[in-house]
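So the structure is just underneath, and the comments pick up after that.
No value in this document is a laboratory result; all are computed from the given coordinates. Fair warning: this is a prediction, and the values are worked out from it, not measured in the lab. Cβ atoms come from the backbone with ideal geometry, glycine included; neighbour counts cover every protein chain shown.
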Amino acid sequence: MTEQREQDYSELVKAFHLTWDSFPGAARIIDSGNRTIAVNKYAAALGMKAGEICALRPSPEKHRGCLKRKALLTKSAQFDRTFTGKIRGWLPIEGYPDAVVHFSIAVPEKITGEEKEQL
């Protein structure tokens, strides 16, 4: 990552960590070239790192159905639910037309009574 790119994203990365570090799933800022700009604490614990190409992790085959490009082109959030019970999302970022927040989170099989009260 060049110094200019780091400078361009520095405020965004700060805001990302404030917002996404407590999220209970992996979240990353991904640019239009598939480079990871930032990772939240959950993603870091899984071994994801800023600077890597997201489409190579864990393998290119796992990225079939990626909606990042559609999110960037339409400037609207995109979501899907995988067969493994995860929800994935690609959220365009206002002021950063070449980047999205990409997240994934596991969906529990059922919600307990206590959890329903918190909704």
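Overview of values
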{"item": "From LEU72, LEU56, residue being under 24 Å from ASP8 (Cβ atoms) and crowded, with 18+ Cβ neighbours inside 10 Å", "result": "LEU72"}
{"item": "The range 89-105, residues that are surrounded by 13 or more Cβ atoms within 10 Å (Cβ to Cβ) and either in contact with a Lys or Arg (Cβ under 8 Å, 6 or more places away or on another chain) or of a type in the set (Val, Ile, Thr) (or both)", "result": "TRP90, PRO92, ILE93, VAL100, VAL101, HIS102, PHE103, SER104, ILE105"}
{"item": "Residue list for the range 67-85, restricted to those being within 15 Å of the chain's Cα centre (by Cα), touching a residue at least 24 places away in the same chain (Cβ under 8 Å) and under 18 Å from ALA106 (Cα atoms)", "result": "ARG81"}
